[in-house]
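Worksheet for the structure shown next.
The values are calculated or read from the model by the stated rules, or taken from the named source; none is laboratory data. This is a predicted model, so every value here is computed, not measured. A quick note on method: Cβ atoms are made from the backbone with ideal geometry, for glycine too, and the neighbour counts reach across all protein chains shown.
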Amino acid sequence: MRTAFIRVLFELAEKDERINLIVGDLGYSVVERFADRFPTRYLNVGVAEQNMTGIAAGMALCGKVVFTYSIANFPTLRCLEQLRNDVCYHNADVKIVSVGGGYAYGVLGMSHHASEDLAILRSLPNMVVVAPGDPIEAALATAAIAKQPGPCYLRLGKTGEPTVHPPGVDFRLGKAIPVREGDEITLISTGGLLYNTVQVAEQLSRDGIQARVLSMHTLKPLDSEAVLAAARETSAIATIEEHSVNGGLGSAVAEVLAEACEVKVPLKRLGLPSVFVSEVGGHAYLREVFSLSVEGILKSLEPMLEQAKHRVK
Amino acid sequence: MRVKPGQPDWQDRDRFILSKGHGAAGVYAVLAEMGFFPVEWMLETYCQDGSVLAGHISHTGVPGVEVSTGSLGHGLSIACGMALAGKRDGRPYHVFAMLSDGECDEGSTWEAVLFAPQHGLDNLIAIVDYNKIQSLGRVEEVLNLEPLGAKWKAFGWSVHEIDGHDFGQIESALRDIPFETHRPGCIIAHTVKGKGVSFMEDKLAWHYKAPNDEELRQALVELRVTE
């Protein structure tokens, strides 16, 4: 996803001289081409994320579109108050890009696991929150947030995520992408678990259960219409995210369903429990530990599918 | 400063950022006097319900306020961003940031202090209001900043130390910008908190208190505002 991001940012910068890229001394083998091509629109502030974010706000208030870039929690939690006061309160054209959402940096450990960022950034006024599901979405999301006025957060995977969509898929901020039709259960995914979610739906289909799959790449503003349609048209909803179940996609969907009097549908939130990982492991390993592998998701869905079967009868 | 009260978003205006956002009233008063907004706003609505004039400086609905602050250690970074944008775009404006001594405790302030000389931001002037008192005590007792001027100098700034109450010294310090080519400028303004009002001078309590009617009368006499 980060390859798709930097490729599109480079293309956009060729056409729009307002675009700037600021990094907090991270981005090896990613940002060099941009830095070489646009030396006066690139900046490495050093290991100083609070300053990076304040500088980005100051530059944006002088008419620039500024992308800040770092990994995991560094461009978000480390400088949270700068995001809130300097960027969001001034509605500044700053786009925060974090690489390595969830457990993408697996073995590097707790400090490099981004598991609360969506919840926290979703609560900031004016902030648009986007977590693309595959490299195609990452590319389209990069172009979309560059065009969207005001603060945006782009949460990327690291590298090597499988492509799910065909090129040219219809991507609009705040609008879920229907990946698969189905009328028995709806699986809503955000971020890099989209591929696993589609695999789960395909396995369910082989078992005779037709699952609808929605890629909810934009967490804020949430596509509540797509959630409500799923609640009306299918008999259960599961949310799937590599993020704490507190405050992320699952919470956002639950908020919509709880306030919708006209629908009543069981909801299962799959994601990370509010704990720190107690063991070392790679990305795939940690997904397995928290039941976010294809098999893990299928197993977690069993009770809900059982109930749904009875309800249909 | 080169500003146009009738055109607060003029692209080449000088920018002033009050990083010590609790000094909002002073900036509002100056902006009102200059005609950015009616003086009545200040006299009648400051910190009142439904007003746009908050106790910590806020830009929403207030022409002339560049940036909202109040949490310390934010302003100098934003000023660096504006100064860098001005340099890169070849704009002639200057950026002024006023800091408190207390906010020199914030690590983020020193991130910005490191940054500005690295990028030769000689269009940036930081002014430290060095009154030697912070929220809960004297600076030297809470977290000693000395030698403060030498610290800024060691980080690569061109430093002037002045009596912050002497308008002659303020004017002469700000007459020639940049102080040195390719170096940001820093004015350490030695001040006395509550200067000019005998019972307020150098007293921590007046960071928090508002004067009662009698104290206000006496203060205005001492400041020669009224007889």
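Taking the criterion of being among the polar types (S, T, N, Q), closer than 17 Å to B:Ile187 by Cα and in a helix (DSSP H, G or I), the only residue of the stretch B:96-109 that qualifies is B:Thr109. Look at (1) farther than 26 Å from B:Ala83 by Cβ; (2) touching a helix residue (DSSP H, G or I) at 6+ places or on another chain (Cβ under 7 Å) and you find that B:Gln48 fails only one, number (2).
Would you check if there is a residue in the stretch B:88-95 being more than 8 Å from chain A (Cβ to nearest Cβ) and either among the acidic types (Asp, Glu) or assigned to a strand (DSSP E or B) (or both)? Yes; the residues of the stretch B:88-95 include at least one that is more than 8 Å from chain A (Cβ to nearest Cβ) and either among the acidic types (Asp, Glu) or assigned to a strand (DSSP E or B) (or both). Just one of the listed residues (B:Ser172, B:Ser108) is buried (at least 17 other Cβ atoms within 10 Å of the Cβ) and among the small types (Gly, Ala, Ser), namely B:Ser108. Taken residue by residue, the stretch B:117-127 has at least one member that is part of a helix (DSSP H, G or I), surrounded by 17 or more Cβ atoms within 10 Å (Cβ to Cβ) and within 14 Å of chain A (Cβ to nearest Cβ).
Are any residues in the stretch A:151-187 under 30 Å from A:Gln82 (Cα atoms) and assigned to a loop (DSSP other than H, G, I, E, B), and if so, which ones?
Listed by number, the residues that qualify are A:Pro151, A:Gly157, A:Lys158, A:Thr159, A:Phe171, A:Leu173, A:Gly174, A:Ala176.
Go through the stretch B:178-203 and report how many residues are aliphatic (A, V, I, L, M) and part of a loop (DSSP other than H, G, I, E, B). The qualifying residues number 3.
For the criterion of being buried (at least 19 other Cβ atoms within 10 Å of the Cβ) and either touching a residue at least 12 places away in the same chain (Cβ under 8 Å) or in the same structural domain as A:Ala114 (by TED's automatic domain parsing) (or both), A:Thr163 fails. Residue-level check: of (1) within 30 Å of B:Asp101 (Cβ to Cβ); (2) at the interface with another protein chain (Cβ under 10 Å from one of its Cβ atoms); (3) not basic (Lys, Arg), B:Gln11 misses just (1).
Among the residues of the stretch B:57-65, is there at least one that is surrounded by 22 or more Cβ atoms within 10 Å (Cβ to Cβ), of a type in the set (A, V, I, L, M) and not in a loop (DSSP other than H, G, I, E, B)? No, the conditions are met nowhere in the stretch B:57-65. Determine if the stretch B:204-220 includes at least one residue that is of a type in the set (A, V, I, L, M), surrounded by fewer than 17 Cβ atoms within 10 Å (Cβ to Cβ) and not in a helix (DSSP H, G or I). Among the residues of the stretch B:204-220, at least one is of a type in the set (A, V, I, L, M), surrounded by fewer than 17 Cβ atoms within 10 Å (Cβ to Cβ) and not in a helix (DSSP H, G or I), which makes the answer yes. With respect to the conditions (1) in contact with a Leu (Cβ under 9 Å, 6 or more places away or on another chain); (2) within 14 Å of another protein chain (Cβ to nearest Cβ), B:Met98 falls short on a single one, namely (2). The number of residues in the stretch A:179-199 that are under 18 Å from A:Thr163 (Cβ atoms) and touching an Asp or Glu at 6+ places or on another chain (Cβ under 9 Å) comes to 8. Among the residues examined, A:Val87 qualifies as within 14 Å of chain B (Cβ to nearest Cβ) and buried (at least 24 other Cβ atoms within 10 Å of the Cβ). For the condition facing another protein chain (nearest Cβ under 10 Å), buried (at least 24 other Cβ atoms within 10 Å of the Cβ) and at pLDDT 95 or above, A:Ala56 qualifies.
Every residue, every condition in (1) more than 26 Å from B:Ala126 (Cβ to Cβ); (2) assigned by TED's automatic domain parsing to the domain that holds B:Asp101, yes or no:
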| residue | (1), (2) |
| --- | --- |
| B:His182 | no, yes |
| B:Gly185 | no, yes |
| B:Lys203 | yes, no |
| B:Trp206 | no, no |
| B:Lys209 | yes, no |
| B:Glu214 | yes, no |
| B:Ala219 | yes, no |
| B:Arg224 | yes, no |
| B:Glu227 | yes, no |
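Of all residues in the stretch B:28-87, those being under 21 Å from B:Val3 (Cα atoms), within 10 Å of chain A (Cβ to nearest Cβ), hydroxyl-bearing (Ser, Thr, Tyr) and free of Cβ contacts under 8 Å to residues at least 40 places away in the same chain number 2.
Count of the stretch A:125-150 residues, restricted to those that are outside any helix (DSSP H, G or I) and either polar (S, T, N, Q) or within 18 Å of A:Ile6 (Cα to Cα) (or both), is 7. Residues of the stretch A:120-128 include at least one that is β-branched (Val, Ile, Thr) and closer than 24 Å to A:Asn91 by Cβ.
Selection of the stretch B:1-41 for residues being in a loop (DSSP other than H, G, I, E, B) and in contact with a strand residue (DSSP E or B) (Cβ under 6 Å, 6 or more places away or on another chain) yields B:Ser19, B:Lys20.
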